[in-house]
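Colleague: Mind having a look at this structure? Questions to follow.
The values are calculated or read from the model by the stated rules, or taken from the named source; none is laboratory data. All values reported here derive from a predicted model rather than from experimental measurement. Positions of Cβ are generated from backbone atoms using ideal geometry, with glycine treated the same way; all protein chains shown enter the neighbour counts. Side chains included, ligands, DNA and RNA excluded: accessible areas come from the protein's heavy atoms. Shrake-Rupley method; radii C 1.70, N 1.55, O 1.52, S 1.80 Å.
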Amino acid sequence: FDCEANHFFFLEPNTKPGSAAKKYQEQLLGLILNTEGRLEAVKQHCRVDHFNAYGLRKGPASHATAGTTMPPSMPAIAHRGDWSMGAVFDAYFKALATGDQYLGQILSGKDPNHASFKDLPPHWNVENPYMDPRIVKALRANFRTILENHGASTYDPSGLLLRCLACMVFHSKEILEVIHRTTTHELASVPLFQPGSNLEELIPLVSTDPTPGVMTKATGIPPHVEVACQLKEMREDIWTLLRESRKNEEDHKEARNQLAGKIVDVVQEGIEKNNVNNGNVSGYRLEKILEKYDEKRKNDLTDLSKKFHDLVQ
């Protein structure tokens with residue numbers, strides 16, 4: 001990203017209030033009109049003269065309020081968007097941390113109607129990423145221009161870029177698959193996804209599991225998501241019990257078959273033993289006698305063949 005060529009994406013120190021949005025829109029429209037591929041992509045969805053940036057406030061606000069039947073409170077949305085609700089509402093309806101955290105979870109792209117809403121975001125599993133030379137190296141390599149132009153400002157974006165870098169590392173496998181399918185994809189120009197980067201040594205440093213000292217619990221989780229998580233756990237427990245029950249049933253069935261076979265053998269052996277004692281000859285006993293006779297006959301033939309062989313020698 002060329003900060004010098006696209007400086008309108010950032011608010012300049014001497015910019016007059018109220019003009020930043022207009023400059024942002026002009027620069028964005030210029031990026032579209034100057035690239036044939038992007039222009040064709042826009043034409044597939046709307047007329048070019050109707051194309052405009054929906055804003056970093058208006059778009060997310062619409063998504064947060066219309067993407068779920070249980071959206072965050074209006075004070076939380078107004079506070080995050082820096083909108084006034086009027087003197088009375090501004091004075092009496094305050095945005096507290098919980099509502100803002102819920103809104104932040106939605107704006108991060110999570111589905112508020114799914115149990116995964118409670119999952120932690122990708123984050124570094126080291127307490128101070130700025131002290132890890134591997135992370136600092138990747139941060140400077142991927143955001144050098146932004147850091148050089150805005151790193152020392154009052155709105156230093158380093159913390160935000162650090163979180164972005166963690167997300168890029170966490171989703172690197174899927175991103176690389178996209179790059180390999182389309183070799184001309186713009187993501188291929190990102191230093192992190194180019195040969196020679198330190199991506200492989202960064203992957204073990206990113207996690208979505210609770211990390212003591214860094215991130216242990218998701219915030220801004222509404223009650224209906226907590227209920228969905230509990231239902232998900234109950235469903236998994238039920239499926240586990242069902243699988244174990246089916247396995248136990250199969251084991252018991254096999255054991256019953258083995259036991260039935262043993263009972264038949266024991267009863268048959270007892271009957272035959274009784275027949276022998278009484279001098280009776282049953283079919284089973286006759287079969288055993290013939291088998292014994294046949295075995296003796298085979299042994300006699302083997303001995304005779306051996307003797308004949310010795311005689312010939």
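Colleague: Are there any helices (runs of 4 or more DSSP H) wholly within segment 69-179 with 3 or more residues that are touching a residue at least 12 places away in the same chain (Cβ under 8 Å) and closer than 30 Å to residue 199 by Cα, and if so which?
Modeller: 97-107, 133-150, 158-170
Colleague: Restricted to segment 148-164, and to residues that are at pLDDT 90 or above and in contact with a Leu (Cβ under 8 Å, 6 or more places away or on another chain), which residue is farthest from residue 123 (Cα to Cα)?
Modeller: 161
Colleague: Which ones in segment 78-98 are open to solvent by less than 20 Å² (accessible area, probe 1.4 Å) and in contact with a helix residue (DSSP H, G or I) (Cβ under 7 Å, 6 or more places away or on another chain)?
Modeller: Passing the criteria: only 81.
Colleague: Restricted to segment 114-144, and to residues that are polar (S, T, N, Q) and surrounded by 14 or more Cβ atoms within 10 Å (Cβ to Cβ), which residue is nearest to the chain's Cα centre (by Cα)?
Modeller: Selected residue: 125.
Colleague: Consider residue 269 against the criteria (1) open to solvent by 70 Å² or more (accessible area, probe 1.4 Å); (2) at pLDDT 75 or above: it satisfies all of them except one. Which criterion is unmet?
Modeller: Status for residue 269: all satisfied but (2).
Colleague: If I filter segment 201-233 down to residues being of a type in the set (D, E, K, R) and assigned to a loop (DSSP other than H, G, I, E, B), which single residue comes out as surrounded by the fewest Cβ atoms within 10 Å (Cβ to Cβ)?
Modeller: 217
Colleague: Which count do you get for residues in segment 180-200 that are without any contact (Cβ under 8 Å) to a residue 60 or more places away in the chain and in a loop (DSSP other than H, G, I, E, B)?
Modeller: 9
Colleague: Go through (1) closer than 30 Å to residue 140 by Cβ; (2) in contact with a helix residue (DSSP H, G or I) (Cβ under 8 Å, 6 or more places away or on another chain); (3) open to solvent by 80 Å² or more (accessible area, probe 1.4 Å); (4) among the charged types (D, E, K, R) one by one and return the number of the condition residue 177 breaks.
Modeller: (2)
Colleague: While we're on this one: Search segment 29-41 for residues that are modelled with pLDDT of 75 or more and among the basic types (Lys, Arg) and pair each with any residue that is surrounded by 12 or more Cβ atoms within 10 Å (Cβ to Cβ) and outside any loop (DSSP other than H, G, I, E, B) when their beta-carbon atoms are under 8 Å apart and the residues are at least 6 apart or on different chains.
Modeller: 38/31; 38/32
Colleague: Considering only segment 56-77, I want to know if a residue exists there that is in contact with a helix residue (DSSP H, G or I) (Cβ under 8 Å, 6 or more places away or on another chain), hydroxyl-bearing (Ser, Thr, Tyr) and exposed (fewer than 14 other Cβ atoms within 10 Å of the Cβ).
Modeller: No, segment 56-77 contains no residue that is in contact with a helix residue (DSSP H, G or I) (Cβ under 8 Å, 6 or more places away or on another chain), hydroxyl-bearing (Ser, Thr, Tyr) and exposed (fewer than 14 other Cβ atoms within 10 Å of the Cβ).
Colleague: A further question follows. Please go through segment 147-163 and pick out each residue that is open to solvent by 30 Å² or more (accessible area, probe 1.4 Å) and in contact with a Phe, Trp or Tyr (Cβ under 8 Å, 6 or more places away or on another chain).
Modeller: Result: 149, single match.
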